[in-house]
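One structure is given below, encoded as structure tokens.
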């Protein structure tokens, strides 16, 4: 019972966090405990390692992570674009921009990732797609 209450309290706290705060929490947990939030790849499902590597090279990447590398000269315009792209509040968007290099969006399609990159680069920012 006490364990369930503790878990409910933690979930309540997490529920009220902004996207940026959640991102920072995940990174802190990863660093503190030496774990990763990435889904593990099932090597057995891919067959032999050589086959898996060949298949991975043949398949085109479909999801991307957009990373803001630097803001350039137009920091305010970049903050405005970040707010539009992510729906973050002013403070959260400003914190994200000032903490560059930082992930802007994860798991987006190729078209959306390229569109985000184009918008941010138009404001002078340097962006990478991973």
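At-a-glance table
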| quantity | calculated |
| --- | --- |
| Residue ranges of helices (runs of 4 or more DSSP H) in the range 60-125 with at least 3 members without any contact (Cβ under 8 Å) to a residue 24 or more places away in the chain and either in the same structural domain as residue 21 (by TED's automatic domain parsing) or farther than 20 Å from residue 27 by Cβ (or both) | 75-86, 110-122 |
| The range 15-38, subset under 18 Å from residue 87 (Cα atoms) and part of a helix (DSSP H, G or I), residue nearest to the chain's Cα centre (by Cα) | 23 |
| Residue 9 being modelled with pLDDT of 85 or more and over 26 Å from residue 128 (Cα atoms) | yes |
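The values are calculated or read from the model by the stated rules, or taken from the named source; none is laboratory data. Quantities reported herein were computed from a predicted structural model and do not represent experimental measurements. Note: ideal-geometry Cβ built from the backbone for every residue, glycine included; neighbour counts use all protein chains shown.
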